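First the structure, in the form of structure tokens, and then the observations on it.
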Amino acid sequence: MTDTHSPESAVQTNREAAASHFCDRATFTIVAERRSVRGFKADPVDDSTIDAILAGASRAPSAQNMQPWRVHVVTGKTKDLLTEEVSSAVLRGERSDEYNYLPEKIVEPYLARRRKVGLDLFAIYGIDRDDIDGRTRAYLRNFAFFGAPLGLFFVIERTMSQGAWLDCGAFMQNVMILARAAGLETCPQQSWCDHGAVVHRVLGIPEDQILVSGMAVGFMDAEVAANRLRTERAPVEEFTIRHR
């Protein structure tokens, strides 16, 4: 019997109500059910599929149609080498941050949201708060692409300003949505930017370009426990200001 009072049931009810406003409910569902998948099957993804996703994603808006994004598609031996090199850097305690992703001080409500998703994920992994080795193993899963057969790395020119970051973000979102339309799932991975120097070296990214983010792409493995994680979203009225 379904618990109609559970949080997941409430989310599903709200999502169905929202979907009723759309002529194309399938599109709404693809967007609304997107999530960061942390366990993939090893099944390869065809080059033609990735090319189709990137071609569609390139319709993202950009200032004066500059299209500032560039994408490195990583598979096979190069992917394995990148995993090995970055994982080794992590275990040696080395970091080379590409840029500051978070502010020095995180305030509410953002701090509580960040803590909750971390604690929820560690609970699924069975990692105690003080289990440093367990936390390190969980962190290293990022650099194995969570088992995905393919990784994407998004870069822009260092001379670009904030607008190009917005444009690249729109492009990345399109990639994630179109991947779902192709039967794939994704996990955007800014964690690669913690070790930007290694990524630059292995992929031959010039120093005049900055790594914005990585992304794991593949077919979701429903048997992986981490894929049970469902993150919460604030209600519309919490982040919306109407002017009439």
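Taken together, the values in this text are just the output of simple stated rules run on the coordinates, not laboratory data. On a predicted model such as this, the values are computed, not experimentally measured, just so you know. Cβ coordinates were reconstructed from backbone atoms using ideal geometry, including for glycine residues, and neighbour counts include every protein chain displayed.
Ordering of 88-97, 63-72 by packing is 63-72, 88-97, highest average first (other Cβ atoms within 10 Å, averaged per residue).
Residue ranges 198-205, 233-240 sort as 198-205, 233-240 when ordered by packing (mean number of other C-beta atoms within 10 Å per residue, highest first). For the chain, the relative contact order is 34 percent, taking Cα pairs closer than 8 Å that sit 6 or more residues apart in sequence and dividing their mean separation by the residue count.
Amide H to amide H distances under 5 Å link residue 209 with 158, where only residues 5 or more positions off or on other chains count and H is placed in the peptide plane. Backbone amide hydrogens, once placed in the peptide plane, bring residue 60 within less than 5 Å of nothing, excluding anything fewer than 5 places away on its chain. In sequence order, the range 135-146 has phi-based couplings of 5, 5, 4, 5, 5, 5, 4, 3, 8, 9, 6, 6 Hz under the Karplus curve 6.51 cos²θ - 1.76 cosθ + 1.60, θ = phi - 60°, and Gly or Pro positions carry x. Converting phi to 3J(HN,Hα) with the Karplus coefficients 6.51, -1.76 and 1.60 and the offset θ = phi - 60°, the range 196-201 yields x, 4, 5, 4, 4, 5 Hz in sequence order, with x at every glycine or proline.
Residues whose amide H falls under 5 Å from that of residue 150, counting only those 5 or more places apart or on a different chain, are 217, with hydrogens built in the peptide plane. Per the Debye calculation on the range 99-244 with a single equal scatterer at every Cα and no solvent contribution, log₁₀ I(q)/I(0) for q = 0.13 Å⁻¹ amounts to -0.77.
Using alpha carbons only, the radius of gyration of the chain set against its Kirkwood radius gives Rg/Rh = 0.96.
What is the percent of Cα-Cα separations in the range 82-139 that go past 19 Å?
51 percent
Once both labels are positioned 7 Å from their Cα atoms along Cα-to-Cβ, the gap between residue 233 and residue 209 label points is 3.2 nm. When the Cα convex hull of the range 127-202 is projected onto planes of every orientation, the mean area is 7.0 nm². Extension gain, residue 139 to residue 97, is 13.6 nm, computed as 0.36 nm per intervening residue step minus the present C-alpha separation.
A helix-only calculation puts the chain at -13500 deg cm²/dmol for mean residue ellipticity at 222 nm, using -39500 (n - 2.57) for each DSSP H run of at least four residues, averaged over all residues.
Relative to one another, the C-alpha centroids of the range 174-244 and the range 87-162 are positioned 11 Å apart. Couplings for the range 172-184, taken from phi via the Karplus curve 6.51 cos²θ - 1.76 cosθ + 1.60 with θ = phi - 60°, read 4, 4, 4, 4, 5, 6, 5, 4, 5, 5, 8, x, 9 Hz in order; Gly and Pro are left as x. Approximating the spin labels as points 7 Å out from Cα along Cα→Cβ, the residue 181-to-residue 85 distance works out to 3.4 nm.
Overall, the ratio between the Cα radius of gyration of the range 39-164 and 2.2 N^0.38 Å, rounded to two decimals, is 1.30.
Rounded to the nearest 20 debye, the dipole size of the chain about its Cα centre is 440 debye, using +1 on the Cβ of Lys and Arg and -1 on the Cβ of Asp and Glu.
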